[in-house]
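This report refers to the structure that appears directly beneath it.
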Amino acid sequence: MFDPQKLLDQFLGGKGKPGGLSPDLIKGLAGGAAAGGLAGILLGGKSTKKLAKTAIKLGGTAALAGLAYKVYNDWQASRNGAPQTEHPMKDVTPEPQGTVFLPSNAKARDDLSLALLRAMIAAAKSDGHIDAAEQQRIFGKLDELDLDTEAKAFVMDELRKPLDIEKVVAAATSPELAVEIYAASFLAIDPDDPAEQAYLAMLAARLKLAPDLKTRIEAESQRVLAG
């Protein structure tokens, strides 16, 4: 079995450990090409500038968990009438460790990583961008990356499968996971594309996200990208 978190870190711009960016990957992303990132290959260049910024700002699984953790807890606090606290992303990324957003248990973390990977790949397919010819181009690029055979097979299998939003939604076994899955999906695509807007709207509805929570996820994600 391949290491799901390592693969997810590579999607998010990390290099096999939470928050870690390799020098080569930083160089590629800073150049605006997202050359070292799996998600850049997956998106086929349609959102490489956004993706490059995402990878640099997020850096890996732990930071994605931090984003979701912050959004969900701020939303819960607002519902309870608590004052909002503004703090940069770098101050919250360690906090999710050991929570549902970033489980300490190895199997739970692997399961979450697989769910987030599937969510990102599904989001990238939501506009019909990845046809058979594009799949072959992506597969060729995958061969150039430092991935084991099982990891490559996972990505290829997910790309070949029909878009299945129900499978993405089924992984959201708690409100917290619904937030993290939606955040990963939002960061994986270009929300200005009409087809992708429609997919995000459908996903939010199926995840049963409150409208103000959906807005918070998107706003915080955009703030990270713009920061």
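Please go through (1) exposed (fewer than 13 other Cβ atoms within 10 Å of the Cβ); (2) at pLDDT 95 or above for GLN136 and return the number of the only condition it doesn't satisfy.
All conditions are met except number (2).
Condition check: within 26 Å of LEU102 (Cβ to Cβ) and in a helix (DSSP H, G or I). Does ALA201 satisfy that?
Here the answer is no, as ALA201 does not meet what is asked.
Check whether at least one residue in the range 88-95 is farther than 29 Å from GLU196 by Cβ, modelled with pLDDT under 80 and among the charged types (D, E, K, R), and report yes or no.
There is at least one residue in the range 88-95 that is farther than 29 Å from GLU196 by Cβ, modelled with pLDDT under 80 and among the charged types (D, E, K, R).
Provide a single number: the residues in the range 206-227 that are loosely packed, with under 13 Cβ neighbours inside 10 Å and not charged (D, E, K, R).
Going through the range 206-227 one residue at a time, the tally reaches 5.
Would you confirm whether any residue within the range 94-109 is in contact with a Lys or Arg (Cβ under 9 Å, 6 or more places away or on another chain), assigned to a helix (DSSP H, G or I) and surrounded by 16 or more Cβ atoms within 10 Å (Cβ to Cβ)?
Checking the range 94-109: not a single residue is in contact with a Lys or Arg (Cβ under 9 Å, 6 or more places away or on another chain), assigned to a helix (DSSP H, G or I) and surrounded by 16 or more Cβ atoms within 10 Å (Cβ to Cβ).
Which residues, taken from the range 142-158, are assigned to a helix (DSSP H, G or I), surrounded by 15 or more Cβ atoms within 10 Å (Cβ to Cβ) and not acidic (Asp, Glu)?
Residues satisfying the conditions are LEU142, ALA151, LYS152, PHE154, VAL155.
Taking only pairs six or more apart or across chains, which ones have beta-carbon atoms under 8 Å, a first residue in the range 58-83 that is at pLDDT below 85, and a second residue that is of a type in the set (Ser, Thr, Tyr) and not in a loop (DSSP other than H, G, I, E, B)?
From residues that are at pLDDT below 85, the pairs are THR61/SER113.
Pick from the range 159-205 the residues that are among the acidic types (Asp, Glu) and either modelled with pLDDT of 95 or more or surrounded by fewer than 19 Cβ atoms within 10 Å (Cβ to Cβ) (or both): which of them is nearest to ASP74 (Cα to Cα)?
GLU176
Restricting to the range 159-181, give me the number of residues that are among the charged types (D, E, K, R) and part of a loop (DSSP other than H, G, I, E, B).
Final tally of qualifying residues: 2.
The values are calculated or read from the model by the stated rules, or taken from the named source; none is laboratory data. Since the structure is predicted, the reported quantities are computational estimates derived from the model, not experimental observations. Note that each Cβ is placed from the backbone with ideal geometry, even for glycine, and that neighbours are counted across all protein chains shown.
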